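The values are calculated or read from the model by the stated rules, or taken from the named source; none is laboratory data. Keep in mind it's a predicted model, so treat the numbers as computed, not measured. Every residue, glycine as well, gets a Cβ built from its backbone with ideal geometry; the counts of neighbours run over all protein chains shown. The protein model used for the area step is the full one, side chains on, heavy atoms only, and it has no ligands, DNA or RNA in it. Shrake-Rupley method; radii C 1.70, N 1.55, O 1.52, S 1.80 Å.
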Amino acid sequence: MEKVSISDHLGFGCVGLATYDSLNYALKLLEQAYDNGLNYFDTAPIYSKGYSEIILGKFSQKKRDKILIATKFGLGQVNSNLVPAAMAIYLNQKLRSKETAQQSDSPPSKIDFRKIDKPDIEKSLMGSLKRLKTDYLDCFLLHEGLSSFLTDEAFFYLQNIKTAGIVKKIGLATNYFYLKDDQQLKDWDMLQYDHHPFSQNHEAFVSQYHSQTHIHHSTLKKIKKVTIPGTEAKEIAGIVLAAEIRKNPNGRILFATCNNNHLQQNLISTAKYLSTDIHTLNELLNHAF
C-alpha cells in the first residue's frame with residue numbers, strides 16, 4: 001500500500017473555537033493540531049458569529065503559507081462590531097446554555113431556496129479575509145446551499161476570484177441528503193458533507209464525482225465508548241478515521257475536539273491503523289457503532 005500522510009487526509013473543524021475555556025486554550029489547541037501534522041482548518045463566518053475566523057486568523061499569522069484555510073459563504077452575515085476574541089470567549093462561558101441539542105436520524109430540514117448574488121458573496125469574502133487576516137483563501141464553500149441558489153453573475157464572480165488567486169478552490173458544503181441530487185456538482189472543486197461509516201451509497205457518490213475533492217464531517221458522531229477486541233478503547237476514534245481515509249483516499253476527513261489529550265490520541269491511533277487492510281478496518285468498525 002502507498003504510504004498515506006495524515007496531513008494530506010485529515011482536517012480540523014473549528015466550529016467550536018470560541019466555546020473553549022479561553023482564547024489562549026483555543027490557540028494552544030490549534031498549535032497542537034498543527035504540530036501533530038494537521039494543516040487543513042475548516043471554519044465559517046457563522047461559527048460563533050465570526051469569532052472562529054478571528055481566532056483562526058490569530059493562529060495562522062506566522063504560518064499562513066504552511067496551512068490550508070477553508071471558510072464559507074451564503075448563510076447570513078456577521079456583525080462588524082465585534083468585541084475582542086478573548087472577551088467574547090469569556091462572555092460565552094458566562095452565557096452558555098446548559099441545554100443539549102436533540103439528535104435525530106430523520107432527514108434534515110429542507111433547505112429553503114435563497115437567491116445568492118455577487119454582492120452577497122463579495123461582502124462575505126471581504127469580511128472573512130479581514131477576520132482571518134489573509135489575502136487569499138484555499139477553499140471557499142457555499143454553506144448549506146445548492147448550485148441553483150447562485151445567480152449567473154454570482155457563479156461568474158466565483159470563477160473570477162478563483163482565476164485571480166483570491167480563492168484557490170470553490171465548493172459546496174451541504175447535507176448529503178440534498179447535495180447528492182444537485183445536478184451541477186461537476187462545476188465545483190470540492191464537495192463537503194456529513195458522512196457516517198455505514199452510510200449507504202457514499203462510496204459510489206465519491207466514485208461518480210471522482211474529479212472533486214470530497215470532505216467528510218460528522219464521521220465520529222455516535223461512536224461507542226467500547227473496547228474492540230485486540231485494540232484499546234482510546235483507539236476507537238483513530239480506527240474510524242483511518243478507515244474513512246482509506247475509503248476516501250483523494251479527500252479529507254474533518255474532526256474536532258476541545259480536549260488536547262483526545263486530539264493527540266486520535267492522531268496517534270489514526271497513524272497506527274492507516275496501514276491496516278480495509279477488510280480488517282471494516283471488521284473493527286462493526287464494533288465501533
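Listed values, structure above:
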read-out: Exceeding the 30 Å Cα-Cα cut-off - candidates K162/K221; K221/K272; K28/K133; K66/K180; K66/K162; K115/K186; value: K162/K221; K66/K180
read-out: The chain: relative contact order in percent, alpha carbon pairs under 8 Å with at least 6 residues between; value: 19 percent
read-out: Accessible surface of C139 - all protein chains present, 1.4 Å probe, nearest 10 Å²; value: 10 Å²
read-out: Sites C258 and I111, calculated FRET efficiency, Cβ-Cβ separation with R0 30 Å, nearest 0.05; value: 0.60
read-out: Within straight-line cross-link reach of K63, aspartates and glutamates at Cα separation under 18 Å, skipping those fewer than 8 residues along the same chain; value: D8, E31, D35, D42, E53, D135, D138
read-out: Cα gyration tensor, the range 232-289 - rounded (a/c under 1.5), prolate or oblate; value: oblate
read-out: In sequence order, calculated HN-Hα J values of the range 173-178 (Karplus, 6.51, -1.76, 1.60; Hz; x Gly/Pro); value: 10, 8, 4, 4, 3, 9
read-out: Separation of the M126 and N201 label points, Cα + 7 Å toward Cβ, nm; value: 4.2 nm
read-out: Distant-in-sequence amide H partners of I170 (H built 1.01 Å from N, under 5 Å); value: F140, D189, M190
read-out: Low-density loop cleavage sites - GluC sites (Glu not before Pro) in the range 192-289, where at most 14 other Cβ are within 10 Å (DSSP); value: E232
read-out: Between the range 132-170 and the range 32-60, the Cα center-to-center distance that results, in Å; value: 19 Å
read-out: ³J(HN,Hα), Karplus 6.51/-1.76/1.60, whole Hz, each residue of the range 270-279, x for Gly, Pro; value: 4, 4, 4, 9, 4, 8, 6, 5, 5, 4
read-out: Interchain or long-range residues, amide H under 5 Å from A256's placed H; value: G13
read-out: Additional length obtainable on full extension of the chain from Y209 to E31, 0.36 nm per residue less Cα span; value: 60.7 nm
read-out: Computed [θ] at 222 nm, deg cm²/dmol, the chain (DSSP H ≥ 4; -39,500 (n - 2.57); rounded to nearest 500); value: -11500 deg cm²/dmol
read-out: Fully extended contour minus Cα-Cα distance, from L75 to K162, at 0.36 nm per residue; value: 29.3 nm
read-out: Probe 1.4 Å - accessible area at F205, Å² to nearest ten; value: 10 Å²
